[in-house]
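Reviewing the structure listed below.
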Amino acid sequence: MSIDLSHDEMKAIAKAAAKEAVQEVLIVIGVNVSDPQAIVETQRDFVVIHELARLALDSDFRKDLEFVREWRLSTQSLRKTSVRVAVGLIVTAALGALWLGLQQLMTRGH
């Protein structure tokens, strides 16, 4: 059994098969192929992912991110320490005032 197809017919069949295969792959990765706007948004997402991948491989960018992370951690640590110091000062001042008040009460009584 032999089927004689012209070059244009074979090209049309191949094009239709390729289009169907691409649509199936896009559906598998979560692209809504029936909505042109969704396809455009997916293209934008891929551009963003590509740019993030490029940045992730840039050693200077990674160093900058590490520096910013260290800076954030140090400011968090400084904030915690500052709060502890402030609470300690307030408690010390309150205890000192209480002590002075008790001393005055004791000395007045004699």
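None of the figures in this text is laboratory data; all of them are computed from the coordinates on show. In this text, all values refer to a predicted model and were calculated from it rather than measured experimentally. No Cβ is skipped: glycine too gets one built from the backbone with ideal geometry, and neighbour counts run over all protein chains shown.
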message = Tell me the volume per residue, in Å³, of the convex hull enclosing the alpha carbons of segment 1-57.
response = 145
task = Mind checking which of P36, I3, V47 is farthest towards the positive end of the chain's charge dipole, using Cβ charges of +1 (Lys, Arg) and -1 (Asp, Glu) about the Cα centre?
result = V47
Max mean-square fluctuation residue, GNM over the chain, Cα-Cα springs under 10 Å, options R69, R84, R54 = R84
query = Hey, what do the phi angles of segment 90-95 turn into as Karplus ³J(HN,Hα) couplings, whole Hz, using 6.51/-1.76/1.60 and θ = phi - 60°, x for Gly and Pro?
reply = 5, 5, 4, 5, 5, 5
key: Viscosity 1.567 mPa s, temperature 4 °C, Stokes-Einstein D of the chain from Kirkwood C-alpha radius, µm²/s   = 58
task = Can you spot the aspartates and glutamates whose alpha carbon is less than 16 Å from K80's alpha carbon? Ignore those fewer than 8 places along the same chain.
result = E70
query = Tell me, what ³J(HN,Hα) does each residue in segment 33-38 have, in order and in whole Hz, if you take phi through Karplus 6.51 cos²θ - 1.76 cosθ + 1.60 with θ = phi - 60° and put x for Gly and Pro?
reply = 6, 8, 10, x, 5, 5
